[in-house]
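Bear in mind that the values in this text are calculations on the coordinates, not laboratory data. Fair warning: this is a prediction, and the values are worked out from it, not measured in the lab. So basically every Cβ, Gly included, is an ideal-geometry build from the backbone, and we count neighbours across all protein chains shown.
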């Protein structure tokens, strides 16, 4: 089979990213224009601003990616694009750009699920990795345990029943007066604190594979508010360490529980929170103890990027997935939903 070169577009939240990926795993370009500095002043992503910035940046980022890859649009074989889940206005910018290119250049169009893209980032980071494996997807909007049975076949084994882990990180960080994005700042602070100093709950210890972080978030906020009301000092490093330990204990515990029960030897991390050093270290230790092989992407592939979308699009294309000009943004798209 001849080489397959994919132009991939990702605009699901606040990163405008375009990549050129060959045969699913060779990244020729992965250009990212981030909006973090813009949204930081608001304490989180403002959807309307994100959409407007995507409109401003998308053509420039496409040109830059093609220039980096040393290719023209005529050299592209397939156009892949994230069409959900995400912010509907942001998604629409990427979808419309992809449809325009596919139509103008008569190229096949493939719609990609954002979370399936995050899972696929592991294939780029680890060329030897093949399904089946168990993947813990942890981001600002999702916390899923996914059994990756094949490159395009997924079974959700567990999910959060309320807040996603990344969402809890951001809300706790805000209560601690840490700037957006709060996750990396809590991760850094946690290294300086004593995780045993404060006892926060470990939710959903019921034998299921589901998660819940709303109660933990409330417990941290109540602790901080209680200290303020009593005019007691708050050791933010201890709060960060205790909070992070509570999150990672549950994430790691349930992942290993499922891997052991289903006899799955390979475990992968995916999503923005997969960049968390505390989570990586705790998961690596648990995997070493249980004889499991752990995979996770490099940091640039954990956050939103188009290279992972190009990888996922490649396998969807091989399966026969094609989209037409009716492709639309689906903000609440379920995994495997087409």
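Can you compute the FRET efficiency between residue 192 and residue 41 using 1/(1 + (r/R0)^6), with r the Cβ-Cβ distance and R0 = 22 Å? Round to the nearest 0.05.
For residue 192 and residue 41, the calculated efficiency is 0.25.
How much length is gained if the chain between residue 67 and residue 285 is pulled fully straight, taking 0.36 nm per residue apart and subtracting their Cα-Cα distance, in nm to one decimal?
Working: separation 218, 0.36 × 218 = 78.48 nm, distance 4.19 nm.
Net length gain for the segment: 74.3 nm.
Return the FRET efficiency for the residue pair residue 300, residue 229: r is the Cβ-Cβ distance, R0 is 51 Å, and the value is rounded to the nearest 0.05. Provide the component values of the computation, followed by the final result.
Values: r = 42 Å, r/R0 = 0.83.
Once the sixth-power term is evaluated, E becomes 0.75.
Among 182, 320, 140, which one moves the most in a GNM of the chain with springs linking Cα atoms closer than 10 Å?
Highest fluctuation among the options: 320.
Enter the angle in degrees (range 0 to 90, nearest 10) between the Cα long axis of helix 306-319 and the first principal axis of the Cα atoms of the chain, meaning the one along which they spread out most.
It is inclined by approximately 60 degrees.
Which value in deg cm²/dmol, rounded to the nearest 500, describes the helix-derived mean residue ellipticity at 222 nm for the chain, given -39,500 (n - 2.57) per DSSP H run of n ≥ 4 and division by the residue count?
-14500 deg cm²/dmol
What's the angle, to the nearest 10 degrees (0 to 90), between helix 88-105's Cα axis and the longest principal axis of the chain?
It works out to around 20 degrees.
Divide, for the chain, the radius of gyration over alpha carbons by 2.2 N^0.38 Å, where N is the residue count. Don't skip to the answer; put the middle values down first.
Values: Rg = 20.2 Å, N = 338, 2.2 N^0.38 = 20.1 Å.
That ratio works out to 1.00.
From the mean inverse distance of alpha carbon pairs (Kirkwood) and the Cα radius of gyration, derive Rg over Rh for the range 132-297. Don't skip to the end; give the middle numbers.
Values: Rg = 15.8 Å, Rh = 16.1 Å.
Using only Cα positions, Rg/Rh for the range 132-297 is 0.99.
What is the Å³ per residue value for the convex hull set by the Cα atoms of the range 281-323?
Values: hull volume 4.5 nm³, N = 43.
Looking at the range 281-323, the number lands at 104 Å³ per residue.
Calculate, in nm to one decimal, what residue 174 and residue 130 gain on full extension: separation in residues at 0.36 nm each, minus their alpha carbon distance.
Details: separation 44, 0.36 × 44 = 15.84 nm, distance 3.88 nm.
This chain segment gains 12.0 nm when fully extended.
Once both axes come from the Cα atoms, what is the angle between helix 47-69 and the longest principal axis of the chain, in degrees from 0 to 90, rounded to 10?
Helix 47-69 and the main axis of the chain meet at about 50 degrees.
Counting other beta carbons within 10 Å of each residue's own, what order do 325, 96 fall into, fewest first? Please list the in-between numbers first.
Numbers: 325 10, 96 19.
Going from sparsest to densest Cβ surroundings: 325, 96.
Taking just the alpha carbons, could you work out the radius of gyration and Dmax for the range 146-190, both in angstroms?
15.0, 43
Quickly rank 89-95, 114-120, 149-155, 50-56 as a protection proxy: mean count of other C-beta atoms within 10 Å, highest first. The partial results should precede the final answer.
Working: 89-95: 23.7, 114-120: 28.1, 149-155: 15.4, 50-56: 19.6.
Averaged packing, sorted descending, gives the order 114-120, 89-95, 50-56, 149-155.
Picking from 146, 110, 236, which is most flexible by a Gaussian network model of the chain using Cα springs under 10 Å?
Fluctuation is largest for 236.
Could you list 75, 210 in order of exposure, starting from the residue whose Cβ has the fewest other Cβ atoms within 10 Å? Display every interim value, and only then the final one.
Working: 75 13, 210 17.
Result, fewest neighbours first: 75, 210.
Using a Förster distance of 30 angstrom, determine the FRET efficiency expected from the C-beta separation of residue 332 and residue 155, and round it to 0.05.
On the way: r = 19 Å, r/R0 = 0.64.
Plugging the Cβ-Cβ distance into 1/(1 + (r/R0)^6) gives 0.95.
In a Gaussian network model over the chain where Cα atoms closer than 10 Å are linked, find which of 206, 304, 14 has the largest mean-square fluctuation.
Ranking 206, 304, 14 by mean-square fluctuation puts 206 first.
Taking the convex hull of the Cα atoms, report for the range 54-138 its projected area averaged over all directions, in nm². Provide the component values of the computation, followed by the final result.
Values: hull surface 27.6 nm².
Averaged projected area of the range 54-138's Cα convex hull equals 6.9 nm².
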